[in-house]
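Trainee: Take this structure, written in structure tokens, and hold onto it; I'll ask about it next.
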Amino acid sequence: MQAGREGWHLVGYGPLFLEVEASAHPWEHCRVTLSSGGRHRRMEAEGWIPVGAGWFPWRYYKRPLDPAAKG
């Protein structure tokens, strides 16, 4: 998501919306299916932060990027 590289990060979502907030640093985002149980644990171990509690069939994750990755 290009907006993440510009400092916007996901803070909430639902069936027909995504809620983002401005941040001082860039972010990357990822969406995975809720049925990917093992993948969720691996992502969290790699520094991904879950956003919300999940909304069928997705769960979103985010993690801050190195500022050098912004450009």
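The values are calculated or read from the model by the stated rules, or taken from the named source; none is laboratory data. The shown structure was predicted, so the numbers you read here are calculated from the model rather than taken from an experiment. Every residue, glycine among them, receives a Cβ derived from its backbone with ideal geometry; neighbour counts consider all protein chains shown.
Trainee: Just checking, does the range 33-51 include any residue being surrounded by 12 or more Cβ atoms within 10 Å (Cβ to Cβ), closer than 12 Å to Val11 by Cα and aliphatic (A, V, I, L, M)?
Mentor: Yes; the residues of the range 33-51 include at least one that is surrounded by 12 or more Cβ atoms within 10 Å (Cβ to Cβ), closer than 12 Å to Val11 by Cα and aliphatic (A, V, I, L, M).
Trainee: Tell me which residues, restricted to the range 18-32, are within 17 Å of Ala3 (Cβ to Cβ), surrounded by 10 or more Cβ atoms within 10 Å (Cβ to Cβ) and not polar (S, T, N, Q). Steps first, answer last, please.
Mentor: Applying the first criterion (within 17 Å of Ala3 (Cβ to Cβ)) to the range 18-32 yields 18-31.
This time we only want the ones that are surrounded by 10 or more Cβ atoms within 10 Å (Cβ to Cβ), so: 18-21, 23, 25-31.
Leu18, Glu19, Val20, Glu21, His25, Pro26, Trp27, Glu28, His29, Cys30, Arg31, listed by residue number.
Trainee: Additional query: Kindly evaluate Gly54 against the criterion of being surrounded by 12 or more Cβ atoms within 10 Å (Cβ to Cβ) and in contact (Cβ under 8 Å) with a residue 60 or more places away in the chain.
Mentor: No: the conditions fail for Gly54.
Trainee: Exactly one condition in (1) surrounded by 15 or more Cβ atoms within 10 Å (Cβ to Cβ); (2) over 12 Å from the mean Cα position of the chain (by Cα) is false for Tyr61; which is it?
Mentor: Exception for Tyr61: condition (2).
Trainee: In the range 1-17, how many are within 11 Å of the chain's Cα centre (by Cα) and surrounded by fewer than 16 Cβ atoms within 10 Å (Cβ to Cβ)?
Mentor: Final tally of qualifying residues: 2.
Trainee: I would also like to ask the following. Can you tell me which residue in the range 1-43 is modelled with the lowest pLDDT, limited to those that are assigned to a strand (DSSP E or B), more than 17 Å from Pro64 (Cβ to Cβ) and of a type outside the set (S, T, N, Q)?
Mentor: Of everything passing the filter in the range 1-43, Gly14 is modelled with the lowest pLDDT.
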